[in-house]
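In what follows, a structure is listed as structure tokens, so that the remarks can point back to it.
The values are calculated or read from the model by the stated rules, or taken from the named source; none is laboratory data. Note that the coordinates shown come from a computational prediction; the quantities given were computed from them, not determined experimentally. In this analysis, Cβ positions are derived from the backbone assuming ideal geometry, glycine residues included, and neighbour counts consider all displayed protein chains. Heavy atoms of the whole protein, side chains included, go into the accessibility calculation; ligands, DNA and RNA do not. Shrake-Rupley method; radii C 1.70, N 1.55, O 1.52, S 1.80 Å.
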Amino acid sequence: MQLPHPDPHDLPDPQAAHAPWWTHWSALPPARRAEVVAVARTLAEHGYRAWLVGGAVRDLVLGHGVGDLDMVSAATPDVALGLFPRARAIGKSFGIVQVDGAGESIELATFRLEEGYADGRHPDRVRFTDSLELDAKRRDFTCNALYFDPLGGELADPTGGMADLGAGVLRTVGEPSERFAEDGLRLLRVARFLARFDWQPAPGLLEAAYQARASLVGVSAERILGEFQRMANGPHPARALWALQQAGLLAASFGAGQAVDSPAEDRRLPLAEDLVQLRPKFGLVAWMVLGLDPDWTGLRPWSELQAEMAAGLERLRVPRGELAHTLAVAAGWRALLAWHLPDDMAAIVRCLRETTGPLVAQLAWIWAKRYGQPGDAERVQALRDWFASLPPERIRPRFLPNGTRWQALGVPQGPELGRCLAAVETAALEGRIASEAEALAWWSTHGPRPT
Ligand code: ATP
Ligand code: MG
């Protein structure tokens, strides 16, 4: 079915030209605008009115930078493929084709209804429609159900998205409990958008998310991880944490034992604000730390918590390198809090000299400041200062004989050589030996006697 080409009655109220979104639209790079207009013109010539939709319109209205460009019309994928020779179907069952312009790809969708979400993530059936209002009903939030006609400048707002945008309120299109049960990814999108715009949830939104938190099982590990990473690197990670925690999603994402989510005031929130200082490294490490309930960490063995962290990260299919990095940082940070000078001098140097050292020290300091005993943060700072003052040979003593040399001197390969290398290095890190000759002499006194 075709919609009529916009006639003068459909054209925007003359005020639209002065509306902020129109100004923001005009400020988009001309090449991007031209691409959108070209798609809309081609469709209009064939009787279809095309709209820019979703995040692009939301961001235009907010005056933010616009990311991907999504458009929608009543033209079915087959019609669209016929009209745009360079178009490719990328989700034909969902009615989406990609139109590649000179420098821009536009995803052009068909107005659609979605029905039945048996897997808690994807609709079982999609029906095309010529109704913009029906298309709006399947979208997640009112702010994401705004439509902008790039030819006439009209903004269609069938769900009250403009009022919510103006008030800074995130609201689902329709009953939140139903929308979350349909698609668990929307739970994470709640946290993402609340954090990104620093908005308030509509009344009942987080409670409904909390009730629906089990819907997260339908969401793939990759998607969960991707959403977490976006939130961690977004503008208000602490707000994301707050929303995730209120909706019970930290526990649901990382595994039941990882965090005790309760809508009560959470002691981790001030910590989250501090952790933002770790940018640009604020990532999984920080989320893992945030996943820990500070009340628990003193009560349960650290090794148990670490095993839980590892299991949580594996469940999210964190790439091996990042997993190792995250666990190394978590282990180091915790250990550093327990170490003292001079007894643990070598351990402290070995920890801080690694590439993860600065992050470990920063985390330990932040944690100590928030949750430590009086004086803990100052002690961690003193360790950092002490480490920074060490000469290079106290950090990586290059004068020490290597394994081959020790073997030539009669130390057998195997565990004993390992013990020898570690013991001599410890003595060097503690400043008890400062040359190769001293190392040899030290081992001849302290090493095992030849039998
Ligand atoms: P971003 O700026 O991060 O791209 P976005 O809102 O544009 O945010 P997209 O994933 O690009 O997000 O999706 C485009 C639009 O599709 C959304 O604005 C929304 O209208 C709709 N949408 C996306 N994901 C969902 C979902 N899981 N459930 C319902 N509607 C969705
Ligand atoms: Mg988008």
Self-check item: Part-to-part distance (alpha-carbon centres) for the stretch 109-175 and the stretch 18-93, which is given in Å
Solution: 15
Quiz item: Averaged per residue, what accessible area in Å² does the stretch 126-185 show with a 1.4 Å probe, protein chains only?
Solution: 35
Quiz item: Between Glu314 and Thr445, 0.36 nm times their residue separation minus their Cα-Cα distance comes to what?
Solution: 42.5 nm
Practice problem: Please find the FRET efficiency linking Thr42 to Asp124, where r is the Cβ-Cβ separation and R0 is fixed at 41 Å, and quote it to the nearest 0.05. | Solution: 0.80
Self-check item: Mean Cβ neighbour count within 10 Å, used as a protection proxy, ranking 317-326, 94-103 highest first
Solution: 94-103, 317-326
Exercise. Just check the stretch 321-390 against the gyration tensor rule for me: Cα atoms, a ≥ b ≥ c as the square roots of the eigenvalues, rounded for a/c under 1.5, and otherwise prolate or oblate depending on whether a/b exceeds b/c.
Key: oblate
Exercise. For Arg112, list long-range residues whose amide hydrogen, built 1.01 Å from N in the peptide plane, is under 5 Å from its own amide hydrogen.
Key: Thr129, Asp135
Self-check item: Considering only the chain, percent of DSSP beta bridges that pair antiparallel, nearest 5
Solution: 75
Quiz item: Pulled fully out, how much extra length does the chain show between Glu378 and Arg300, if you take 0.36 nm times their separation in residues and subtract their Cα-Cα distance?
Solution: 25.6 nm
Practice problem: Just the number, please: carbon plus sulfur as a percent of the accessible area of the chain, 1.4 Å probe, no ligands or DNA/RNA counted. | Solution: 55
Quiz item: With charges only on Cβ, +1 for K and R and -1 for D and E, what is the dipole size of the stretch 403-446 about its Cα centre, in debye, rounded to 20?
Solution: 80
Quiz item: According to the square roots a ≥ b ≥ c of the eigenvalues of the Cα gyration tensor, what is the shape class of the stretch 54-120, taking rounded for a/c under 1.5, prolate for a/b larger than b/c otherwise, and oblate for the remainder?
Solution: oblate
Quiz item: How do 371-378, 243-250, 355-362 rank on mean C-beta neighbours within 10 Å, highest first?
Solution: 243-250, 355-362, 371-378
